[in-house]
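In what follows, a single structure is set out as structure tokens and then discussed.
The values are calculated or read from the model by the stated rules, or taken from the named source; none is laboratory data. Being a predicted model, the structure only gives us computed values, none of them experimental. Glycine also receives a Cβ, built like all others from the backbone with ideal geometry; neighbour counts cover every protein chain displayed.
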Amino acid sequence: MIFVGLTHNNRRMAEIKLTQDQRQELIRLEKWIPHKVIAIRIRVILALDDGYKAEDVARILLIDEDTITRWKKKFLESRYVSDWLGNEYKGYAGKLNKKQEEQVEWFVEEQIVTDCQKVVDYIKETFGMIYTVDGVTKLLHRLKFVYKQTVVIPAKADKKKQEEFIKQYEELKKNLKDTEKILFVDGVHPTHNTRSLRCWVKKGEEKIIKTNSGRDRLNINGALNLKDMDVTAHFSETINAQATIEFFAKIQVKYDEATQIFMIVDNARYYKNKDVQNYLQRPDCRIRLIFLPSYSPNLNFIERLWKFMRQKIIGVKYREKFTEFERDIVQFFNTIHQYQNELKPYIGTQLHLIQA
């Protein structure tokens, strides 16, 4: 069923005034319907919308003027195209049956569909049915689809190695002693600039936030204790072997009662640097590195913390000076406990495989 979308004011008006969407839908319907009489009725409405007078349309299409007036009146009083066309409409467009809906569901799942018009065209070509963009939108919602951003993943991600890591991680948690800690560790480089993000905005309006051309950035080594959502941040001029050693020393001081600290890290070169390895082999070092599979940021919980920081701090405020930006980031880490109720469900406790 195609929704004409006439407003209350439209129905009271003496002239046909179609919206752009209504006109496009009628044009598509006219081209598809094989029956001459139905197609002519649609052409009459399109001609009246173009500004032609009823008597001119009657003369051109060889139709009685009273018939045109009657069609026009019924169209203005109708809410749906099906109401206007009556029983004749039933043979030309209908609802998809369950099997057809499953086929549409498969089509959307297997494609990257950014525009509902693509689904409208698919339904027309596959089943010979006319759907509006609005109708397809409602159909997709009913089929449990939502309109959201795609997730970019590394093309070289190895699913098997990720599965092996998850098993290793679950085994580590299972056998973890009370005096041992697991930390998810990563370096991050937030840039002094704002980024576009999703937020609630009044329909028809825009939410504007200033941006700048600043390229200055902070260099932060971070460690997330998933058990209590505690975060350790270490700021440095750059992230290299020396900064990493300083960060590790900071971790050992903070967890001075821990007999062993398992740090889950990516394959950044500075973790494998000779000086860093020498530090890890010292008798007083209680840190043991566990390396993630290559191309697996999805397996590092602290990546979700960085995303949270971008949404809550970086993306919501314009900062003219870099010092203001740095102050707010430092403040975020110093008051991280204030975000506990939001952080826990946001970061979660389950690791997710990349389905490359």
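The C-beta contact set for the range 111-133 (first residue within 14 Å of GLN100 (Cα to Cα), second residue hydroxyl-bearing (Ser, Thr, Tyr), distance under 8 angstrom, 6+ apart or interchain) comprises VAL119/TYR131; VAL120/TYR131; VAL120/THR132; ILE123/TYR131; LYS124/TYR131; ILE130/TYR92.
Let's see how each residue does on (1) closer than 21 Å to ILE336 by Cα; (2) among the hydrophobic types (A, V, I, L, M, F, W, C):
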site	(1), (2)
SER236	yes, no
THR244	no, no
PHE247	yes, yes
MET263	yes, yes
ASN267	no, no
TYR270	no, no
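Considering the conditions (1) within 21 Å of LEU18 (Cβ to Cβ); (2) at pLDDT below 85; (3) surrounded by 16 or more Cβ atoms within 10 Å (Cβ to Cβ); (4) not small (Gly, Ala, Ser), VAL120 is excluded by exactly one of them, (2).
I'd like to check something: does the range 225-241 contain any residue that is in the same structural domain as MET309 (by TED's automatic domain parsing), out of contact with any strand residue (DSSP E or B) (no Cβ under 8 Å at 6 or more places or on another chain) and modelled with pLDDT of 95 or more?
So in the range 225-241, the residues in the same structural domain as MET309 (by TED's automatic domain parsing) come out as 225-241.
This time we only want the ones that are out of contact with any strand residue (DSSP E or B) (no Cβ under 8 Å at 6 or more places or on another chain), so: 228-229, 240-241.
Checking which are modelled with pLDDT of 95 or more leaves us with 240-241.
Among the residues of the range 225-241, at least one is in the same structural domain as MET309 (by TED's automatic domain parsing), out of contact with any strand residue (DSSP E or B) (no Cβ under 8 Å at 6 or more places or on another chain) and modelled with pLDDT of 95 or more, which makes the answer yes.
Tally time: how many residues in the range 1-41 are at pLDDT below 75, polar (S, T, N, Q) and surrounded by fewer than 16 Cβ atoms within 10 Å (Cβ to Cβ)? So the answer is 2.
Could you please find all residues in the range 297-332 being of a type in the set (Phe, Trp, Tyr), within 24 Å of ILE209 (Cα to Cα) and modelled with pLDDT of 90 or more?
Taking the range 297-332 first, the residues of a type in the set (Phe, Trp, Tyr) are 301, 306, 308, 318, 322, 325, 332.
After this cut, where a residue has to be within 24 Å of ILE209 (Cα to Cα) as well, the list is 306, 308, 318, 322, 325, 332.
Hits for the range 297-332 are TRP306, PHE308, PHE322, PHE325, PHE332.
Collect the residues in the range 104-117 that are buried (at least 16 other Cβ atoms within 10 Å of the Cβ) and either in a helix (DSSP H, G or I) or not aliphatic (A, V, I, L, M) (or both), keeping them in residue-number order. Break it down stepwise before answering.
We begin by selecting, within the range 104-117, every residue buried (at least 16 other Cβ atoms within 10 Å of the Cβ); these are 104, 108, 113, 116.
Correct list: VAL104, VAL108, CYS116.
Here HIS192 qualifies as over 30 Å from ASP275 (Cα atoms) and buried (at least 16 other Cβ atoms within 10 Å of the Cβ).
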